[in-house]
Amino acid sequence: MKTKRKMMVGSLVMAGLLAMSGMWASADAALMTQLDYTRGGANWEGESGQMLDRHLEQKGTLKMGQYQSWGDIGGTFEQEGKTYSLFTSGLQGASAPSASIEGMSITMDLSSLFFGWQSGDEIHAWNIGGMAKGLFNPQTSEFQLSWDHLFKGSQNSRMQETLGAYFLQGSVGAPAAVPIAASGLLFGSGLIGLGSWGWLKRRGQGLQAA
């Protein structure tokens, strides 16, 4: 009798797991057209690291499958005679931004993302892109992404090898919300919140130590 009961419980557990796997699979391989970020940050000790951190705090939109020119992502701002902006470009052979969702995970290729400043005819730009990964909430379409970029120093520049860390949070322009169990939704929302808090805490500690 006990053996049959254990087998029945095991079957119910297995059926539940299979049902959940089907639920997650329904959101797999979802494609996006754009990401609307409402919050972000940068931990980069480079020449314009503070300006980039300030710029990522502004709202912006990253479009998939196309390059965006100066000022199209999050506008521009001026500081001490310099105009700062984000843009995407294939100058170094990188493809236009692309992203995909698998369950509650999101991956985005931001290899073509640049940040720079312009003053008169003088322009300086840095590639800050990379392969960003994070969490996605299928019910609310909210996302959280982070990535690193290693800046390599050179003998002809005073800039030494530096690692920059970046963070973005916002909502996905598409796809539509996918039904998901309440427990899974709470779990995912909690992870996004904890991930954002942990990243910002590490970033604050890094800035204090700098």
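The values are calculated or read from the model by the stated rules, or taken from the named source; none is laboratory data. Being a predicted model, the structure only gives us computed values, none of them experimental. Cβ atoms come from the backbone with ideal geometry, glycine included; neighbour counts cover every protein chain shown.
For region 110-133, enumerate the residues that are of a type in the set (S, T, Y) and buried (at least 21 other Cβ atoms within 10 Å of the Cβ). Give the derivation first.
Kept after step one, since they are of a type in the set (S, T, Y), are these residues of region 110-133: 111-112, 119.
S111, S112 - these are the residues of region 110-133 that are of a type in the set (S, T, Y) and buried (at least 21 other Cβ atoms within 10 Å of the Cβ).
Of the residues E57, E45, the single one that is out of contact with any Cys (no Cβ under 7 Å at 6 or more places or on another chain), of a type outside the set (S, T, N, Q) and modelled with pLDDT under 85 is E45. T88 meets all of the listed conditions (1) polar (S, T, N, Q); (2) out of contact with any helix residue (DSSP H, G or I) (no Cβ under 8 Å at 6 or more places or on another chain); (3) surrounded by fewer than 18 Cβ atoms within 10 Å (Cβ to Cβ) but one, namely (3).
F136 meets all of the listed conditions (1) at pLDDT 90 or above; (2) surrounded by fewer than 18 Cβ atoms within 10 Å (Cβ to Cβ); (3) of a type in the set (A, V, I, L, M, F, W, C) but one, namely (2). Of the residues making up region 83-123, those that are in contact (Cβ under 8 Å) with a residue 24 or more places away in the chain, of a type outside the set (A, V, I, L, M, F, W, C) and part of a strand (DSSP E or B) are T83, Y84, S85, T88, S98, S100, E102, S105, T107, G116, Q118, S119. Flag: G74 does not match the condition of being farther than 16 Å from G116 by Cβ and over 14 Å from the mean Cα position of the chain (by Cα). For the residues G71, G49, the requirement of being on the phi > 0 side of the Ramachandran plot and out of contact with any helix residue (DSSP H, G or I) (no Cβ under 6 Å at 6 or more places or on another chain) singles out G71.
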